[in-house]
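S.K.: Mind having a look at this structure? Questions to follow.
The values are calculated or read from the model by the stated rules, or taken from the named source; none is laboratory data. Just so it is clear, the model here is predicted, and its values are computed rather than measured. What goes into the accessible areas is simple: the full protein's heavy atoms, side chains included, and nothing from ligands, DNA or RNA. Shrake-Rupley method; radii C 1.70, N 1.55, O 1.52, S 1.80 Å.
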Amino acid sequence: MLMRRNPQLNAHGELIHLLSIEGLPREVVTQILDTASTFLSVSDRDVKKVPLLRGKSVFNLFFENSTRTRTTFEIAAKRLSADVLNLDIARSSTAKGESLLDTIANLSAMQADMFVVRHSESGAPYLIAQHCAPHVHVVNAGDGRHAHPTQGLLDMYTIRHYKPRFQDLTVAIVGDIVHSRVARSDIHALTTLGVPEIRAVGPKTLVPGDLRDMGVRVCHDMSEGIRDADVIITLRLQNERMSGAMLPSSGEFAKSWGLTPEKLALAKPDAIVMHPGPINRGVEIDSAVADGTQSVILPQVTFGIAVRMAVMSIIAGNSA
């Protein structure tokens with residue numbers, strides 16, 4: 001039986017697109033994390049640039065808003081010396097009825113070398129990767145409820161920075177998991193890197209039961225879910241992706257599932273607290289925790305630029 005090749009890898013197993021962490025070999029994930037380490041020091045220089053993408057054009061195609069993610073991709077590309085174009089998709093041809101693939105074809109004709117794509121429809125970056133020119137690389141910056149691979153990778157970089165031995169860790173992911181593409185990317189990455197205990201913590205309406213099939217321990221009790229955890233990843237309530245009354249109120253969610261200093265005390269004393277942002281203070285996380293000594297939320301942002309530099313430099317260096 002003929003095995004279908006992973007569309008993210010070329011025939012040599014090298015990364016040419018980043019569409020999802022699912023299916024990526026551990027060596028590729030580790031390569032990205034190791035490469036990111038080499039870029040961290042760039043931000044400390046007087047001239048915050050390296051020439052790896054000089055002469056290349058990176059197009060940020062954000063069909064769904066996200067100032068934070070778009071900005072970090074833009075900073076990362078500019079630090080690699082790329083020419084960056086941010087397209088206002090809401091006012092562009094797609095808003096006038098042009099198909100996604102027609103838009104991509106026209107942008108490719110403008111000598112694009114890389115598309116960074118955020119889209120509300122799951123699978124849109126895969127479709128673009130299948131239909132763009134062979135020399136064009138695609139990075140998924142978040143698609144529907146499916147994946148957010150660079151966020152997953154920067155989360156892994158953050159964890160490794162503070163807790164180097166993945167094989168010894170207990171990681172709890174808390175909150176709205178059913179709507180979270182970050183949670184899915186984190187789970188795939190943690191599994192790939194050999195974390196033995198991954199917990200999905202939240203109310204039954206927001207934690208899909210099929211996570212058990214992935215080896216994840218599902219906890220519908222906050223105390224059970226975070227007890228003795230080494231890492232707690234709190235997730236933003238995805239109100240914009242919810243349909244129907246999945247929660248009585250944000251206040252009720254905060255009471256049962258919000259991370260407070262009292263609840264954090266159940267985790268290991270040296271546990272770290274993460275959040276992909278933006279934070280809803282007083283809902284999924286208390287300000288005393290978000291701003292506390294165990295929070296690594298701001299370092300996540302710093303590491304995110306280095307990780308996105310690593311991804312873009314790696315895929316730009318490989319041919320289809």
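S.K.: Multiplying the sequence separation of Ala133 and Ala265 by 0.36 nm and subtracting their Cα-Cα distance, what value in nm do you get?
M.R.: Answer, rounded to one decimal: 42.3 nm.
S.K.: Considering the chain as a Gaussian network with a 10 Å cut-off on Cα pairs, which listed residue, Arg181, Arg308, Arg212, attains the greatest mean-square fluctuation?
M.R.: Arg212
S.K.: Name the shape class, rounded, prolate or oblate, that the alpha-carbon gyration tensor gives for region 118-233, where a ≥ b ≥ c are the square roots of its eigenvalues, rounded holds for a/c under 1.5, and otherwise prolate holds if a/b is larger than b/c and oblate otherwise.
M.R.: Judged from the Cα gyration tensor, region 118-233 comes out oblate (a/c at least 1.5, b/c at or above a/b).
S.K.: For the chain, modelled as a GNM with alpha-carbon contacts under 10 angstrom, which of Gly292, Gly152, Gly202 fluctuates the most?
M.R.: Of Gly292, Gly152, Gly202, the most mobile in the Gaussian network model is Gly292.
S.K.: Rounded to the nearest percent, how much of the accessible area of region 83-202 (1.4 Å probe, protein heavy atoms only) is carbon and sulfur?
M.R.: Roughly 51 percent of what the probe reaches on region 83-202 is carbon or sulfur.
S.K.: Let me ask another. Ignoring everything except DSSP H segments at least 4 long, calculate the 222 nm mean residue ellipticity for the chain; use -39,500 (n - 2.57) per segment, divide by total residues, nearest 500.
M.R.: Value at 222 nm, helices only, nearest 500: -10000 deg cm²/dmol.
S.K.: Give the carbon-plus-sulfur fraction of the accessible surface of region 208-320 in %, rounded to a whole number; probe 1.4 Å, heavy atoms of protein chains only.
M.R.: Carbon with sulfur: 50 percent of the solvent-accessible area.
S.K.: Just to be sure I follow: if Rg is taken over the C-alpha atoms of region 2-146 and Rh is the Kirkwood radius over the same atoms, what is Rg/Rh?
M.R.: For region 2-146, the value is 0.96.
S.K.: Turning to a different aspect of this structure: Could you pull out every whole DSSP H run in the chain that spans at least 27 Å of Cα extent along its own axis and averages 1.0 or higher on the Kyte-Doolittle scale?
M.R.: Membrane-span-like by this rule: 297-316.
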